[in-house]
1. I'm checking my understanding of the structure. Among residues of region 413-460 that are in contact with a helix residue (DSSP H, G or I) (Cβ under 7 Å, 6 or more places away or on another chain), surrounded by fewer than 21 Cβ atoms within 10 Å (Cβ to Cβ) and in a helix (DSSP H, G or I), which one is modelled with the highest pLDDT?
2. Could you tell me whether any residue of region 504-516 is within 21 Å of residue 353 (Cβ to Cβ) and under 29 Å from the mean Cα position of the chain (by Cα)?
3. Taking residue 103 as meeting all but one of (1) surrounded by 12 or more Cβ atoms within 10 Å (Cβ to Cβ); (2) without any contact (Cβ under 8 Å) to a residue 40 or more places away in the chain; (3) more than 29 Å from residue 223 (Cβ to Cβ), write down the number of the exception.
4. Kindly list the number of the only condition in (1) modelled with pLDDT of 95 or more; (2) in contact with a strand residue (DSSP E or B) (Cβ under 9 Å, 6 or more places away or on another chain); (3) in a helix (DSSP H, G or I) that fails for residue 528.
5. Of the residues 96, 4, 87, only one is at pLDDT below 95 and in contact with a helix residue (DSSP H, G or I) (Cβ under 9 Å, 6 or more places away or on another chain); which?
6. Given the criterion modelled with pLDDT of 95 or more and crowded, with 18+ Cβ neighbours inside 10 Å, identify the matching residue among 370, 375.
7. Of (1) touching a helix residue (DSSP H, G or I) at 6+ places or on another chain (Cβ under 8 Å); (2) surrounded by fewer than 19 Cβ atoms within 10 Å (Cβ to Cβ), residue 321 satisfies all except one. Which?
8. Looking at region 589-607, which of its residues are in a strand (DSSP E or B) and under 17 Å from residue 360 (Cα atoms)?
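The values are calculated or read from the model by the stated rules, or taken from the named source; none is laboratory data. This one's a predicted model, so the numbers in the text were calculated from it and none came from an experiment. Cβ coordinates were reconstructed from backbone atoms using ideal geometry, including for glycine residues, and neighbour counts include every protein chain displayed.
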């Protein structure tokens, strides 16, 4: 697809698919689609329109993403393959076949990462930021580094000899170490040593510089000071290596004490099998064999790296002291409506429903909502879901304060939030000590729904204020994740939220919900019913349109429903940031579906779906929803998620004509998906204005958050040119 305006351009001529449209070929493999997304992230590190240090950040993110992919997804496929499981995925590939394709693509990705780093290092050096090697050091540098080593590094080191009296030590997930072959200067006695690179110290050591910044990787500092660690020895050979271990958790189905079971499982994760080991190229054969044999690693699991190992640490070099190399400063807005009511969140919400678009509107409003509730003597109860939150969470602080003040506080803490399990255990214990009721939901389902409920006494009645979100209650990630926050005192949505909490805390399955669909009960079936309703409109000759935005689309039943809709003539436009298992633009299957991905300054995270409802889009009578759920099997079948119908006219207009329209119109940071599953950067003819939806949102306030002085019209899709 070559159109530059996804919102208004006609659909491309469909492509032919030389395969059975009813068979597995109609799906794109989930894992390969994820790798394609990470390639897009890496390509932003090469994008000259992105500031230099932000490009370095994108490189770091691509490395972090790949590490997590291996420790979870590849680890799971490995287990299936080792168990002899040959059950194919929806696209027809067996676990073994997927592993082979992943390995090939991931190795190419890692080679590309090194090339990107070399290019960035050159540009950084020109900008006064130098990553040094040993040959770049002057004697004054070496003298300075000796003092740094003795004062700040040596006390933390634990060099470990490897011999019959000193067995090979355990290295945790993401463990980074140097393997050394030493020789005594006098008697020539050999000594093999493992030197773990401490994770408690910054990976890059700052060097003195007259101007700019100079850094030396920590492992290079260690190699320079081997004689201080092993007096009387010299290095005969060395190599660096870094491990990734299986980090997926397995729980007993009938865990009597879920917290204790998770604590045990976290310890097992630390000791999981090695799924990938990066090793510096040119490692001495004896050291390579020793490390591989002790860690039970095969050649297929080793990736030789000619360059920097552990690129995720490059993020440490992205500092605020070079604003000229970062995105221009952006301060999230406080909604005018809240300002009009002198910061009173309850008064602002009583006026009418309010939808905030983060990070453009500050997430502090969510924190203020709960802090105000904690301090308000008229508030009698607070209920809150917590999936991911920050280490010193102001939301948890507010909940604790409310509980200590005698308010009824119920917190649903999801222990199964991957890589945040330990933090959530700590948060749950803090809440319990303060007197809050802490529940953990279901053993078999993750609770991923984002709901906050405040019950307030107003006169002789109780009024329920509800917050529904598409993202986590995490003030740090909310600075870069695009998410939606709906604040409402609509009684129907308040009753629905109360029923969801009863379901989570007491297994009381709700019999009816008024404006809410939840998985695993009704969300998936409702989505398919609404897709089928658009088919009915198309068959009746009415406008039939679906717009949707999410992180991932791989649920096969939903994809097949979209295929049916396309074949019936429904026009479907999808904004999918990451994984997409649907093939768009194929004759006889999906010629009326197009898919794009937006990768830019902010991480697209909100989930939205709009159905034309026989009136097309945008239209006042369309059905509009925001959700916590991606369209994946886990979200629709194995998690507690929400799909909230938006009934307020202003909020509906904001979602359809502002948020979705801007996402569909974006060309500056969009990638368009082809029938073969590949993505190409949206073409922008020379001299043509490239619309950037992130810039647009930074410059235009959210419609429903405007105050008495604001206009009611939806802003036009324009912004200041780059």
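1. Per the stated criteria, the residue is 434.
2. yes
3. Single failed check for residue 103: (2).
4. Against the list (1) modelled with pLDDT of 95 or more; (2) in contact with a strand residue (DSSP E or B) (Cβ under 9 Å, 6 or more places away or on another chain); (3) in a helix (DSSP H, G or I), residue 528 comes up short only on (2).
5. 87
6. None of the others qualify; the one that does is 370.
7. (1)
8. Across region 589-607, the qualifying residues are 598, 603, 604, 607.
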